[in-house]
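Nothing in this text is a laboratory measurement; each read-out follows from the coordinates by a stated rule. What you see is a predicted model; the values in this text were computed from it and never measured. Glycine gets a Cβ as well: all are built from the backbone with ideal geometry, and neighbour counts include every protein chain shown.
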Amino acid sequence: MHLLLFNPRAQKAHRRLPLSLLFLARALPHEVRGPTGRGEPLTWEILDANVDPRAKERAEAAIAADPAGTVLLVTVMPGPQLRQAVPWCRHLKALWPQVRIVWGGYFPTVYPEACVADPAVDLVVLGQGEDTLRELVVALAAGADPLAVPGVAGWRDGALRKAGARGYKVSSRYGDPPFHALDMERYAARTFLGRRTFNHHSSVGCPYTCNFCAVTNMFEGRWLADPAADVVRVVRRLHDQHGADAVEFHDNNFFAAERRCAEVARGLRGLGLRWWGEGRIDTMLGWSDATWRLLADSGLAMVFYGAENADQATLEAMNKGGLQVHETLELNRRAAAFGVIPEFSFVLGNPVDPWGDVEATLALIRRLKEDNGACEIILYMYTPVPLPGMYEQAVAQGFSFPRTLDDWLAPPWTRYEERRNAVTPWHSPDLVRRVYDFEAVLHARWPSVSDRNLRPWQRRLLRALAAPRWQAGRTGRPLELRALQKLWHYRRPEEMGF
Ligand code: B12
């Protein structure tokens, strides 16, 4: 049996290690048993359309060689990956009906029914995939029922059928990622952090249950972290063997435990790395000066924080775990004192009082910039995820999710999960324009450090042109700024990040 672990193309300019697939490969057996009990070798390869323009062709050649003996494993995020995966998998199924196609990752985990209802997808794996995939390939090879494997879902008798739930494990227990399976040179990315940036993921889940976040659907408040020693070992490998000078930790919440982070920082100190991760404002505000200094000394350059909103009632409606608006202001000053850039992400236009929270949040952003011009701002429009809380209010206002993959591919929905467009009944075009006009002025007045295209003189010019608008709070229709941003291919931080 041969497994094709496939990463569909995401957006342009994202050369990041396909960790979902690399991690899955850690748990695969070398051999499986066929229906008669005879052992046969299990082989696998990772094909990544983000770095290899011929990835699809290679997959098709492998399937054509042995359709019944090949399993195509596709990792799917909403947006561009979904747009690629759906027509391609349908095409493959039409050509080679015997090939088995299994999807996993965030999209199938959150919306399994839409996936397995489509004839292009045989099965989906829900949540953490290592154990499930290992047991699934054993079942498939033996001709056993795959829907008896916990963590697998499929379509039976016209309905979604889920096997039992699967527990979660500390990720590093499956071993280190098999970097040898990839051409690592292709992943050494130039970013504002460094010339050779690699990514790692050192924990599973998140201890919080914010009701607007897809991670909650997947992990329901569980957080299992790799021990600091395992994190340091992998990063040192990236540094020593692959020349990393910067690391992005893609964990949902890297900074959830002070002791672990301090230990990681101790282990990274002296390597000359610059690094980035996601954390919570209230958690890190409570950390000692000694830990902050250690983090800064180890090369921590920027931390992504979900500040979400300036309206306290909205934060509560989001189940944001007790975060107070004033803590965002305090953290902004604290991070500045240690030379760490805070990158604040906001979720605007919630169904409770969309105009109220937008105006309050834009005012907060002005204060944050006045206190610390280096802070970075990321703006998203609120889009529901199917979790109790604001989602119910959204449904009451007429919101409903697509039911099929074709619906997901219809124009407003493809952009929906990118959190930019208004397909929600409570986002009026005026509200969306208010936010994006403000954003254009904000990014001209304070161009993001993560954009590596802009030259210093271009930054100066944008800043000077935007200054009168910013000072007067006159952000309506900034056509001249937009034109320059477009001309110079300015990239907003959320286009560069995650
Ligand atoms: C890296 C990343 C990206 C990179 C992708 C790089 C790449 N190589 O493809 C980039 C920057 C391109 C990206 C873009 C976007 N992303 Co993104 N991204 C992430 C991030 C930070 C890490 C993903 C990761 O590698 N995790 C580590 C691996 C090990 O975990 P995993 O992916 O969950 O994989 C495990 C299981 O899911 C499962 N599994 C996964 N795939 C498969 C496949 C098979 C066959 C099987 C059996 C199992 C399986 O097994 C794996 C091992 O246990 C996650 C958040 C996070 N921390 O996970 C968001 C996240 C996945 N992204 C998200 C979104 C929404 C996007 C965007 C659509 C928009 C945006 N603004 O964020 C864009 C567009 C995506 C696209 N399709 O182009 C959401 C998904 C929400 C949802 N409802 O599905 C997440 C969860 C962030 C969030 N909190 O909202 N992203």
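The residues neighbouring Val231, those whose beta-carbon lies less than 14 Å from its own, together hold a net charge of +2 under the Lys/Arg +1, Asp/Glu -1 convention. Using Cα atoms only, what is the angle between the long axis of helix 55-65 and the major principal axis of the chain, expressed in degrees (0 to 90) to the nearest 10? The angle comes out near 10 degrees. Around Trp446, with a cut-off of 15 angstrom between Cβ atoms, what is the net charge of the other residues, counting Lys and Arg +1 and Asp and Glu -1? Every neighbour counted, the sum reads +3.
Per-peptide packing, taken as the mean over residues of other Cβ atoms within 10 Å, places 117-124, 337-344 in the sequence 117-124, 337-344 from highest down.
Here the Karplus curve 6.51 cos²θ - 1.76 cosθ + 1.60, taken at θ = phi - 60°, turns the phi angles of the range 133-149 into couplings of 5, 4, 5, 5, 5, 4, 5, 5, 5, 7, x, 7, 6, x, 7, 8, 8 Hz, with x standing for Gly and Pro. Computed over the chain, the per-residue total of -39500 (n - 2.57) for DSSP H runs of n ≥ 4 gives a 222 nm mean residue ellipticity of -12000 deg cm²/dmol, rounded to 500.
Sorting 457-466, 274-283 by average packing, meaning the other beta carbons within 10 Å per residue, from highest down gives 274-283, 457-466. Extension gain for the segment Glu258 to Ala337, taken as residue separation times 0.36 nm less the Cα-Cα distance, is 26.6 nm to one decimal. Across the range 2-154, C-alpha contacts under 8 Å between residues 6 or more apart give a mean separation that, scaled by the residue count, equals a relative contact order of 26 percent.
Let me make sure I get this right: for the range 215-292, a, b and c are the square roots of the gyration tensor eigenvalues over alpha carbons, sorted descending. Under 1.5 in a/c it's rounded, otherwise prolate if a/b > b/c, else oblate. Which is it? Oblate shape, in that a/c is at least 1.5 and b/c is the bigger or equal ratio. Prolate is the label for the chain, because a/c, from the alpha-carbon gyration tensor with a ≥ b ≥ c as root eigenvalues, is 1.5 or above and a/b exceeds b/c.
Highest first, please rank the peptides 138-148, 301-311, 160-170 by the mean number of other Cβ atoms sitting within 10 Å of their residues. If you can, show how the numbers build up before the last one.
Working: 138-148: 16.0, 301-311: 24.4, 160-170: 14.4.
Ranked from most to least packed, the peptides come out as 301-311, 138-148, 160-170.
Fully extending the segment from Asp289 to Arg455 would add 56.2 nm, taking 0.36 nm per residue of separation and subtracting the current Cα-Cα distance. What relative contact order, as a whole-number percentage, does the chain give when Cα pairs under 8 Å and 6 or more residues apart are counted? Computed value for the chain: 11 percent relative contact order. Grouping the Cα pair distances of the range 2-154 into 10 Å bins from zero gives a pair-distance distribution of 11, 44, 38, 6, 0 percent in increasing distance order. Each 5 Å bin from 0 upward holds the following percent of the Cα-Cα pairs of the range 216-368: 2, 9, 18, 20, 17, 14, 10, 6, 3, 1, 0. Stretching the chain fully between Glu45 and Arg237 yields a gain of 67.0 nm (0.36 nm per residue, less the alpha carbon separation).
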